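Participant: First the structure, which I've put down as structure tokens, then a few questions once you've had a look.
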Amino acid sequence: MLEKMVQWPWLQQAQQALEAHPGAYSVVVLALLLLAAWLANYVTRRILLRGLKRMLRMLPAEQGGGRRDLKVIPRLANVVPAVVIAAGIVLVPGLPPGLVHFIAGACQAWVVLTVALAASHALDLFNAIYERRPDARDKPIKGYLQVVKIVVFVLAGLSIVATLAGVKLLHLLTGLGAATAVLMLIFQDTILSLVASVQISGDGRVRIGDWIEMPSQNADGDVIDIALHTITVQNWDKTITTFPTRKLVTESFKNWRGMQESGGRRIKRPLLLDQHSVGFLDDDALARLERFGLLDDYLAGKREELAQWNAQVAQAHPEEVNARRMTNLGTFRAYVERYLRSHPGINQGMTLMVRQLAPTPQGLPLELYCFTASVAWVQYEAVQADVFDHLLAILPEFGLRVFQQSSDAMLMALRERAAS
């Protein structure tokens, strides 16, 4: 089209009229070239790309009320004027051959860069569409798309260098063979991160939304992004921690997804009892404990068991010291177990036990091991507090005391009382 424009009669007449001014005709042709580039860009943006934009808005990523900025459209529109200028610059008379070659090469380089940027935005749009799928959290593809972006930009950069240097891309790639070791060193983190991303996506060890705990990276919270090079975690204090993806392969971490999917969150906490308060139950104490409905079956079964045992032992050793008797600690342990089995906030389908641990200088630990029916943090803490509130309050009914390290407050109170 540009060659036909140069052959137009009025343009030839203008060339003859401007023979006295050698550079004027070149300016006229250059202005016509820029006008043609502008018209091509206008037609592309107003007609062709507007229709393409309407088609892209019909994709799932654009439905649901949220309009996504389709950056691919304006990027592609910049290709057309560059192509027009690259094809028509050779028709402008009077320009030095070196300048013509440079402008044509710069336009080709611009086209390559524009296509690469458009491809990058297209990959972002594809990732946005993919993330709307229900299984996107389990199989994220963001890391793979970032690898594709790197390949696209590397090829685009090599193509631009080859175009501006006036050599073929294949020759440039052949010359880079000697620099492979250097490139491997430069992209070492990228290669390691790519391998880690493949492993993470393959075995599903970490997914978006998982609660992970990684003390070495100061990460303790929900995973909000899985990229090629980095994992982003929002900690419980709302700070953001970012660490390399390969750390999930080379270092240990804890994923709480199993707890969240199991339907129960563990309570594993001891009551520290004063060992001096442990003793046998006499008739009065047993009469008091018969008021507890949760202990009906326990007390009845225990009495029968002890009666049979003591009847056999009494024949040979009638002394009371040889008889078995119920203790307040054993009865309290039975009460705690039955209380947990009747609590609506405790998951009855998972492990539940009340066990006695080895004595310590801080007292005798009576540990509760069970799981709440809700894994939510707030509900978990509420159930746990409710259980221990009740047990601490009911403990004196069994003649037991909680161990608590004493301070000098009692001594000071005694001294003040004595002084008064």
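The values are calculated or read from the model by the stated rules, or taken from the named source; none is laboratory data. All figures in this text were calculated on a predicted structure; none of them were measured in a lab. No Cβ is skipped: glycine too gets one built from the backbone with ideal geometry, and neighbour counts run over all protein chains shown.
Participant: Between GLY98, GLY64, which is surrounded by fewer than 17 Cβ atoms within 10 Å (Cβ to Cβ), modelled with pLDDT under 65 and among the small types (Gly, Ala, Ser)? Can you show your working first?
Facilitator: Working: GLY98 fails: modelled with pLDDT under 65.
Checking each option against the conditions leaves just GLY64.
Participant: A further question on this structure: If I ask for residues that are within 34 Å of the chain's Cα centre (by Cα) and free of Cβ contacts under 8 Å to residues at least 40 places away in the same chain, which ones from the stretch 350-368 would you list?
Facilitator: Within the stretch 350-368, THR351, LEU352 qualify.
Participant: Is it the case, given these coordinates, that VAL223 is surrounded by fewer than 14 Cβ atoms within 10 Å (Cβ to Cβ) and aliphatic (A, V, I, L, M)? Steps first, please.
Facilitator: Values: surrounded by fewer than 14 Cβ atoms within 10 Å (Cβ to Cβ): no; aliphatic (A, V, I, L, M): yes.
When the stated conditions are applied, VAL223 does not pass them.
Participant: Please return the ranges of helices (runs of 4 or more DSSP H) entirely within the stretch 185-298 where 1 or more residues are over 24 Å from TRP377 (Cα atoms) and among the small types (Gly, Ala, Ser). Break it down stepwise before answering.
Facilitator: On the way: elements: 188-203, 247-250, 257-262, 283-289.
The qualifying helices (runs of 4 or more DSSP H) are 188-203, 283-289.
Participant: Now a separate question. Mind checking whether some residue in the stretch 171-190 is at pLDDT 75 or above and surrounded by 12 or more Cβ atoms within 10 Å (Cβ to Cβ)?
Facilitator: No; the residues of the stretch 171-190 include none that is at pLDDT 75 or above and surrounded by 12 or more Cβ atoms within 10 Å (Cβ to Cβ).
Residues checked against (1) farther than 30 Å from GLY345 by Cα; (2) surrounded by fewer than 17 Cβ atoms within 10 Å (Cβ to Cβ); (3) of a type in the set (D, E, K, R):
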| site | (1), (2), (3) |
| --- | --- |
| MET259 | no, yes, no |
| LYS268 | no, yes, yes |
| LEU271 | no, no, no |
| ASP284 | yes, yes, yes |
| TYR298 | no, no, no |
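Participant: With the structure loaded, tell me whether GLY263 is surrounded by fewer than 16 Cβ atoms within 10 Å (Cβ to Cβ), on the phi > 0 side of the Ramachandran plot and under 13 Å from the mean Cα position of the chain (by Cα) or whether it fails that test. Quick ask: steps written out before the conclusion?
Facilitator: Details: surrounded by fewer than 16 Cβ atoms within 10 Å (Cβ to Cβ): yes; on the phi > 0 side of the Ramachandran plot: yes; under 13 Å from the mean Cα position of the chain (by Cα): no.
No, not satisfied.
Participant: In the stretch 82-135, what count of residues is obtained for those that are in a helix (DSSP H, G or I) and within 29 Å of the chain's Cα centre (by Cα)? Lay out the reasoning, then the answer.
Facilitator: To start, the set of residues in the stretch 82-135 that are in a helix (DSSP H, G or I) comprises 82-91, 97-130.
From what is left, the residues that are within 29 Å of the chain's Cα centre (by Cα) are 116-130.
Number satisfying all stated conditions: 15.
Participant: Checking LEU400 against (1) in a strand (DSSP E or B); (2) at pLDDT below 95, only one condition comes out false. Which one?
Facilitator: Among (1) in a strand (DSSP E or B); (2) at pLDDT below 95, LEU400 violates only (1).
Participant: Could we say that GLU304 is among the acidic types (Asp, Glu) and either touching a residue at least 12 places away in the same chain (Cβ under 8 Å) or touching a strand residue (DSSP E or B) at 6+ places or on another chain (Cβ under 9 Å) (or both) here?
Facilitator: On the way: among the acidic types (Asp, Glu): yes; either touching a residue at least 12 places away in the same chain (Cβ under 8 Å) or touching a strand residue (DSSP E or B) at 6+ places or on another chain (Cβ under 9 Å) (or both): no.
Judged against the criteria, GLU304 is not a match.
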